[in-house]
Amino acid sequence: MVLPERLARFNRVVTNRVTKPFADKLPGFGVIVHRGRKSGREFRTPLNVFRTDDGFVVALTYGPDADWVRNVRAAGEAEVITRGRKYRVRDPELVHDESRRPMPPGVRQFLGLVGVTDFLVLKRE
């Protein structure tokens, strides 16, 4: 189970606008900068992002078919802004992990409650 489309629409219209000004500065948050597959337009999507040894991992709370995920996968690259720093990322890889191992313990438990098992792994350049 991933979060419902209705909640995704609400977050795009309300929550994202509220969190965008500080999402790139707080631990566990970030902004992914990506280009639209068809429009070529630049988008900035606030999300929860966590460091790995060689990049970042993002829990796909709306599933792997979210527009931003499809955009990043199509381009093969993006930019992650977190804790005030910019990182070029590449080689987006979808990972299905029912144990939610890539996530910190508290986050892992929350994701278990909502049934999130898909993640996007991004390598730093």
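One table, with the values for the structure above:
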| item | result |
| --- | --- |
| Cβ-placed point charges (K, R +1; D, E -1), dipole of region 48-125 about Cα centre in debye, nearest 20 | 360 debye |
| Backbone HN-Hα couplings from phi across region 52-63 [Karplus 6.51/-1.76/1.60, Hz, Gly and Pro as x] | 10, 4, 10, x, 9, 9, 10, 6, 8, 5, 10, x |
| Region 35-122: C-alpha pair distances exceeding 23 Å, % | 20 percent |
| Inter-site label distance for F110 and V95 at 7 Å from Cα along Cβ, in nm | 1.9 nm |
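Where a number appears in this text, it was derived from the coordinates with a stated rule and is not lab data. Just so it is clear, the structure is predicted and the values come from calculations on it, not from any experiment. Quick reminder, even Gly has a Cβ in these numbers, built from the backbone with ideal geometry, and neighbours come from all protein chains shown.
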